[in-house]
1. Return a yes/no flag: does the stretch B:193-214 have any residue that is at pLDDT 90 or above, in contact with a helix residue (DSSP H, G or I) (Cβ under 6 Å, 6 or more places away or on another chain), away from every other protein chain (no Cβ under 14 Å) and not in a loop (DSSP other than H, G, I, E, B).
2. Determine if the stretch C:93-109 includes at least one residue that is among the hydroxyl-bearing types (Ser, Thr, Tyr) and out of contact with any Gly (no Cβ under 9 Å at 6 or more places or on another chain).
3. Just checking, does the stretch B:245-256 include any residue being assigned to a helix (DSSP H, G or I), in contact with a Pro (Cβ under 9 Å, 6 or more places away or on another chain), more than 30 Å from A:Val89 (Cα to Cα) and aliphatic (A, V, I, L, M)?
4. B:Thr85: part of a helix (DSSP H, G or I) and not small (Gly, Ala, Ser), yes or no?
5. Could you pull out the residue among B:Phe247, B:Phe307, B:Phe266, B:Phe313 that is among the aromatic types (Phe, Trp, Tyr) and farther than 30 Å from B:Gly78 by Cα?
6. All but one of (1) farther than 29 Å from C:Lys42 by Cα; (2) at the interface with another protein chain (Cβ under 10 Å from one of its Cβ atoms) hold for C:Gly163, so report the exception by its number.
7. Residues in the stretch B:215-230: is at least one more than 7 Å from chain C (Cβ to nearest Cβ), within 21 Å of C:Ala127 (Cα to Cα) and out of contact with any Cys (no Cβ under 7 Å at 6 or more places or on another chain)?
8. Condition check: more than 20 Å from B:Val254 (Cβ to Cβ) and either of a type in the set (Asp, Glu) or at the interface with another protein chain (Cβ under 9 Å from one of its Cβ atoms) (or both). Does B:Ala129 satisfy that?
Amino acid sequence: MLSSGLTLIFSMMGVLNFAHASFYMIGAYIGFTLNSVLGFWTALLLAPVLAGLLGAFFEKFCLRRVHKFGHVPELLITFGLSYVVLEIVQLVWGRTAVEFQPPMELQGPAFTLIQNSLSGLSLVWGAASPELCQAADAAVRVVCSPFPATRGFMMLVAMSMMLGLWLLLTKTRVGLVIQAALTHPEMVESLGHNVPRVFMSVFGVGTALAGLAGVIGGSTFVTEPAMAATVGSVIFVVVVVGGMGSLAGAFLASLLIGIVQTFAVALDYSVLSLLQNIGISVGAASQDNALLKLTISQVAPILPYLFLVLILIFRPRGLLGKRET
Amino acid sequence: MQSSATHFEFKPFNVARWVIWGLFAIILLLAPKAFSSNFSVSMLTQMGAVMIVCLSYNMLLGQGGMLSFGHAVYTGLGAYIAMHTLNAASNGVLPVPVSLIPLVGGIGGMFFAVLFGYVTTRKSGTTFAMITLGISELVFAMSLMFSGFFGGEAGISGNRVFGTPFLGITFGPPIQVYYLTAAYTFVCVALMYAFTRTPLGRILNAVRDNPERVEFIGYNTQHVRYIAFIIAGFFAGIAGGIGALNFEIVTAEVVGAARSGAYLLFTFLGGATFFFGPIIGAILLVLAFVLLSEFTKAWLLYLGLVFLFMVMFAPGGISSLIMMNLRLAAFGRLRHIWVAYIGLGLTALLGLAGVAAIVEMVYHLQLNAAMGPEVRFAGFTLNTELSHTWFGCLMLVVTGFGLFELARRQYLHDWGESQEFIEKEVKRREEAL
Amino acid sequence: MNALELKNLHKSFGKTQIIRGIDLAVTKGERVAIIGPNGAGKSTLFNLISGRFAPTSGEIWLGTHRIDGKQPFEINRLGLSRSFQITNIFPKLSVFENLRCAVLWSLGYKYTFFKFLADLDDANDLAEQYMERIRLGKKRDVLAMNLTYAEQRALEIGITIAGGAEVILLDEPTAGMSKSETLRFIQLIRQVTEGKTLLTVEHDMGVVFGLADKIAVVVYGEVIAFDTPEAVRSNPKVQEAYLGSAQAH
């Protein structure tokens, strides 16, 4: 979700928004406050709007002014904004995490996957009863994986967001104008469209999407000052790996990275154990070698960044990107 | 403030050149006399090291147009290498004197710059920035994995006092570390300045201005960037080595993104367009991190805001502001404008005081509410529970900024006048030629 | 041996064919003007020759060296230099610095960082000479971005020739200039490119007929005529290409 908003902003304005994750955080915190006052679903609607307005405001007064100085100052100002937002959030809401509970409807699992070594895979809507999860016979292994409703909701919103954006950009007139304004702003302006206003709204929509992601993410995961940082780097990786400017690429990349990370954490093999499995015996000294001893799960955190660097070297356009900066 | 930002070169009156460098050397020598407590001396040492870092960073940013988000990787890795060498030396394994440890750090930094730089400099612009970010995150994440080299959470510590003292110098007392640092600082600054006046330095500028054109005058742009990157990595590593000696411990945060961000922020604040800008930035960095953070909890916020305003209104940094006003002075126009400056300064101060008071009160409510409702601020005691305190501060903000706006208009008017005068004068001098 | 030779050159971008088989041979010291309607592929041709793009097929020869597919700096080092339609100088460097940068490689200074620029007498003298030749001596220390448009174009030419290249490509050198500026500028070009092989893209016919020994007419990615100005003027294919489209107005 975050990546689609960031891709939107980048592909439309050529601006890589460092503060995108900050708007995610803003959305989460505003959502939290609104949630306690107005309830989750209203918060879900309002918080993104507020985040979007803030984004548009920033664009109009800050980003636009800096645009004429070139790309470097643009990057720098979004970079500075991320610092400022972090501090302001801490100022207003404090430095510890806040309790942002998902609404009643979304609590609990959407469905549960039951893996029974005897009867195979089966699916149960809602929560699975304890009897199904415990096997009477110790020899039978049953693994129940509940799939949280919040995740399901998140995926739903993410899909519809991507779909909606794609439709907007390719099928509607507004989308056309935006695409044109990207490469030929003066031309589009002379055709009568208010280009600065277009840019402002694009930025606003992008940040609103981030805010929306924030409300959902904040209630699903945790709402705390560090959330921008944890999420920020990964979404950059996703956007760059997917190809800056390509929504489909961002989608693909986020899937890819998500899958890789999940599997990497789950797998506990290392090069060493691999060698041992093949039957190659390694000397005692090598057994202790830090590099070989690394398990994939330990390597997991750096995988996205490794991806990023490799992609930038070998295919800077990204998986499906259209333009190289 | 509009300006046709001129890129000044020190015109070669050799007298002026010797004077300036001599002054620099004298300041380096005498600074600890003025600030003599151990704490201050340690701060001075830090300033020296950070000066080297920021200047090396500006080699990339200001001279080469390369925005790196991961410069701390090279200072940090240089520091680690230096620290390991220090430990090896104090254990008698490697005969390296303490005074050469920073140089070892430099070689370490250079090594990694050769390694990472090859892939980093293949691209330019935003892609380059992203690669540096990626490598920075990569190295930081790796620091938790390779605890042999990085020392895990505790980092690697060492002892800079070992072996027989040379001429009574043990490098134990901070003042001795300072003078070693000062020597390195002077030499490194001089070398980096000299670099700007070499063919490679100038071509690097050309690459910044117009990378495509550079290809058409016979230079391989990538190669130019790569070499510059390596040289910058070398100096960054030296600074890392100094840091290792100064703190006698190196932890993973020296390669972290926060550190890189700080270098970026302050180099930019000091000014990337003039050589001495990063020097100012370095001094501010140490002052901010060491002193400002003691004064107020909101220092990061203030920093961020200052940075934002700098990017929007004075992208050349403080050094450009200084140079612009020196230019005014050179044409005899400074006296016309200093009144406007005072006006700007006073009104801004008023408004900012109001903002700061509000921020401090909010923080107090957040963090120290248990200590009662009173906050000390600039000699006043503010009671956070009284609504008229808040109201008063708000009024201060409004009036302050309102007056600021008036002062600003007057300032712009005066500035415009002076600029016109200068343009006419320049034209007149041109015709006279 | 020709100074520059194009053999069966093709270039497509995706499915669009821009250059559809061009053969051209330019002898040393010749001045060739390349003309043709907009979109004919003239700039693409220049970009192919100077190495900005690689051709889809065909060969480009610079004297005895084959240069298609080479990087721009490699081609430049072999003795070909080009100017740009949109002024492409070093804006934050002074006029003098601009020119000095342009001469550095040809004098063999490469990537040195062990010598001071101030001590490189040959580079400094050469830069001064070129500065006088393009008549910007008075603007020595002015930043390139503060020059007038015509002065910037002059500097552009200066940078192009300062490397001492034998083959010079000029892409619409007088673009955007007034009549009088154009006349002065053409004189300048003629002076500074004496003895060199010159290829220039031009739209101003007066310039073309006054400057060129030969004219190559490019239409739809092909050379439909390559001959002396008089011959081209009376060439029926050329007349159709120009007058035909003119009649459509």
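The values are calculated or read from the model by the stated rules, or taken from the named source; none is laboratory data. Not measured: the values here are computed from a predicted model. Here the Cβ positions follow ideal geometry from the backbone for every residue, glycine too, while neighbour counts run over all protein chains shown.
1. No - not one qualifying residue is present in the stretch B:193-214.
2. Just the residues of the stretch C:93-109 that are among the hydroxyl-bearing types (Ser, Thr, Tyr), to begin with: C:94, C:106, C:109.
If we keep only those that are out of contact with any Gly (no Cβ under 9 Å at 6 or more places or on another chain) too, we end up with C:94, C:109.
Scanning the stretch C:93-109 turns up at least one residue that is among the hydroxyl-bearing types (Ser, Thr, Tyr) and out of contact with any Gly (no Cβ under 9 Å at 6 or more places or on another chain).
3. Checked the stretch B:245-256: at least one residue is assigned to a helix (DSSP H, G or I), in contact with a Pro (Cβ under 9 Å, 6 or more places away or on another chain), more than 30 Å from A:Val89 (Cα to Cα) and aliphatic (A, V, I, L, M).
4. Values: part of a helix (DSSP H, G or I): yes; not small (Gly, Ala, Ser): yes.
In short, yes.
5. Numbers: B:Phe247 fails: farther than 30 Å from B:Gly78 by Cα; B:Phe307 fails: farther than 30 Å from B:Gly78 by Cα; B:Phe266 fails: farther than 30 Å from B:Gly78 by Cα.
Unique residue meeting the criteria: B:Phe313.
6. (1)
7. no
8. Yes, satisfied.
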